[in-house]
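The values are calculated or read from the model by the stated rules, or taken from the named source; none is laboratory data. No experiment lies behind these values; they were computed from the predicted model shown. Heads up, the Cβs are rebuilt from the backbone with ideal geometry, glycines too, and the neighbour counts pull from every protein chain shown. The protein model used for the area step is the full one, side chains on, heavy atoms only, and it has no ligands, DNA or RNA in it. Shrake-Rupley method; radii C 1.70, N 1.55, O 1.52, S 1.80 Å.
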Amino acid sequence: MSEPTVLIAGAGLGGLSLAQALRGYGIPVRLFERDATPWDRPQGYRLHLEADALNALREVLSPERHALFEATAMRTTAFTTILSPALQVIKQIPTGDGQDAEHWPQYVTDENVHRNVDRATLREILLDGLEEHTRFGKEIVSYESTDDGVTVTFADGTTDHGDILVGADGIRSAVRAQRAPNLQIMDAGVQAIYGRIPWEAAVAVLPEAALRDIFAIGMDSRKVFLGLGAVDFPTEPSTAAVRAARPGLLKARGDYVVCIVGGRHEHFPLSHDELRTRPPAQLREVALSVIEDWPEQARHAIAAAEPESFFSVGMYSSVPGRLERHGNVTLLGDAVHAMTPTLGRGANLAMRDGALLSPRIRKIADGTATVSAAVAAYEDEMTRYGFDVVRASVSMGEQRMSQHPLPR
């Protein structure tokens with residue numbers, strides 16, 4: 001086969017990582033995203049990146065884009081901080097960065113490296129150069145796979161054709177529903193409300209460790225939690241873009257701390273479906289009500305957040321299972337190994353998937369592998385590490401927030 005055309009359902013971090021790598025190889029790629037624009041819905045604020053994502057970004061980004069990433073990514077201390085409900089530091093737990101010497105031998109060092117990044121800024125960097133290859137407002141609802149390739153059908157009735165289809169379309173993946181209907185998603189029994197505290201306000205109400213460590217979390221006897229994660233840009237994003245001679249590439253953003261109030265459904269006065277209909281300022285009031293019995297320091301932190309920054313998230317997990325052989329359709333990221341954020345590794349694994357799949361597709365282009373062999377090799381490794389992390393995430397979630405266990 002000559003260079004295969006790759007269709008990617010979903011322009012999230014994993015799909016974009018794959019597309020950046022494929023474009024670097026000169027392999028034709030088309031991305032289809034159901035949202036009308038990259039910013040149609042809230043997708044979170046701060047992300048924690050460890051070795052998987054950091055190494056993947058080294059591989060999939062051009063040197064210029066990677067330099068922009070480094071200029072805007074906060075280097076944290078290598079601790080997770082445990083707080084009391086009064087936001088006093090109980091302990092700081094050393095946190096490894098998950099370096100995988102077998103998969104990333106060229107990047108393994110003695111340095112324990114973590115980054116806290118702004119999700120929107122990272123997405124802007126990953127979208128750069130892919131504009132003409134990405135179509136927004138195009139939701140893939142089904143596909144037909146033959147020996148001649150894959151034809152996808154969109155919600156608007158139109159179609160497209162390529163050699164390989166990658167379902168990177170998230171936890172409610174239409175591609176997974178057809179490709180692997182045996183792989184199920186379960187409600188974790190937990191929900192959360194996210195908000196953003198401006199840096200100046202955060203400094204006034206939070207302990208220093210919550211501003212410098214990877215993440216800080218306080219919890220009460222119900223296992224209701226308040227999570228805090230800082231994004232202190234080394235260089236403000238729009239300024240970094242100007243210095244890189246790319247003015248306008250990155251939007252201006254100020255430093256902040258993300259705040260997350262979460263717990264089991266029964267500890268919230270409204271269901272997740274009801275929370276989704278509430279305006280942001282009302283969600284802040286709901287978050288305050290969930291921790292109304294906590295000391296005033298915690299409530300002050302939520303009250304200091306921007307009223308319009310709040311949104312709700314329901315938490316779900318994949319149920320590990322067997323991904324049967326197929327050929328020219330595969331899956332990536334949350335479409336196959338979704339997990340709750342207890343380990344902070346979902347985005348990391350999605351980007352690792354993109355960096356793992358792209359060189360296998362390159363082998364198809366240079367004639368050293370068939371489509372079915374390349375996809376099978378990717379899926380064998382991806383499901384091994386992906387489902388291992390899902391299991392670990394569920395185990396930690398059971399301990400920290402009474403997440404539902406996996407089915408027996």
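Loop-resident trypsin sites (Lys or Arg not before Pro) (DSSP state other than H, G, I, E or B) in region 303-382 with no more than 12 further Cβ atoms inside 10 Å of their Cβ: ARG322, ARG325.
Springs between Cα atoms under 10 Å define the GNM used for the chain, and in it the highest mean-square fluctuation of ALA204, ALA376, ALA298 occurs at ALA204.
Picking from VAL261, VAL141, VAL390, which is most flexible by a Gaussian network model of the chain using Cα springs under 10 Å? Fluctuation is largest for VAL141. Cross-link partners for LYS223 among the aspartates and glutamates, with Cα-Cα distance under 17 Å and sequence neighbours closer than 8 places in the same chain left out: GLU266, GLU292, ASP293, GLU398.
Considering only PHE136, GLN106, ILE93, and ranking their Cα positions along the charge dipole of region 84-199 that arises from unit charges at the beta-carbon of Lys, Arg, Asp and Glu, the one farthest toward the positive end is ILE93.
In square angstrom, what is the accessible area per residue of region 153-215 with a 1.4 angstrom probe?
37
The string of couplings for region 188-194 from the Karplus curve (6.51, -1.76, 1.60, θ = phi - 60°) is 7, x, 10, 9, 8, 10, 9 Hz, one whole number per residue in order, with x for Gly and Pro. Quick one: angle between helix 51-60 and the longest Cα principal axis of the chain, in degrees between 0 and 90, rounded to 10, please. Roughly 40 degrees between the two axes.
Counting heavy atoms of the protein chains alone, HIS265 has an accessible area of about 60 Å² for a 1.4 Å probe. When LYS223, LYS138 are compared by accessible area at a 1.4 angstrom probe, the order from most to least is LYS223, LYS138.
Computed from point charges on the beta carbon alone (+1 for Lys and Arg, -1 for Asp and Glu), the dipole magnitude for region 7-144 about its Cα centre is near 360 Debye.
With contacts taken as Cα pairs under 8 Å at a separation of at least 6 residues, region 129-197 carries a relative contact order of 20 percent. Over region 8-49, Cα pairs under 8 Å with separation of 6+ residues give a relative contact order of 39 percent. Comparing GLU381, GLU124, GLU64 in a Gaussian network model of the chain, where Cα atoms under 10 Å apart are tied by springs, the biggest mean-square fluctuation is seen for GLU64. Within the accessible surface of the chain, defined with a 1.4 Å probe on protein heavy atoms only, the carbon and sulfur portion equals 49 percent. Rolling a 1.4 Å probe over the protein heavy atoms gives region 33-149 an accessible area of 47 Å² per residue.
Rolling a 1.4 Å probe across the protein heavy atoms gives region 318-371 an accessible surface of 33 Å² per residue.
Placing dummy labels 7 Å off each Cα toward the beta-carbon, the span from MET396 to ILE90 is 1.7 nm.
Please name which of SER402, THR153, VAL117 has its Cα lying farthest along the dipole of the chain towards the positive end, using unit charges on Cβ (Lys, Arg +1; Asp, Glu -1) and the Cα centre as origin. Working it through, the farthest residue towards the positive pole turns out to be SER402. Stretching the chain fully between LYS363 and ALA245 yields a gain of 39.0 nm (0.36 nm per residue, less the alpha carbon separation).
Adding -39500 (n - 2.57) for every DSSP H run of four residues or longer, then dividing by how many residues the chain holds, sets the calculated 222 nm ellipticity at -10500 deg cm²/dmol. Reported to the nearest whole Å, the Cα centre-to-centre distance from region 211-287 to region 327-354 is 21. Axis angle, to the nearest 10 degrees, between helix 371-401 and the longest C-alpha principal axis of the chain: 10 degrees.
Say R0 is 35 Å: what FRET efficiency, to the nearest 0.05, do ASP147 and GLU102 get from their beta-carbon distance? The computed FRET efficiency comes out at 0.50.
For region 247-379, a simple Cβ point-charge model (Lys and Arg +1, Asp and Glu -1, everything else neutral) yields a dipole of about 700 debye relative to the Cα centre. For the chain, the longest principal axis of the C-alpha atoms and the axis of helix 63-72 are separated by about 10°.
Taking 0.36 nm per residue of sequence separation and removing the Cα-Cα distance, the THR277/ASP293 pair yields an extension gain of 3.2 nm.
With a/c under 1.5 counting as rounded, go ahead and sort region 25-87 into rounded, prolate or oblate using the C-alpha gyration tensor (a ≥ b ≥ c being the square roots of the eigenvalues; past the cut-off, prolate if a/b is larger than b/c, else oblate). Oblate is the answer for region 25-87, as a/c is 1.5 or above yet b/c matches or exceeds a/b.
Here the dipole of the chain is about 340 debye; that uses its Cα centre as origin and unit charges on the Cβ of Lys and Arg (positive) and Asp and Glu (negative).
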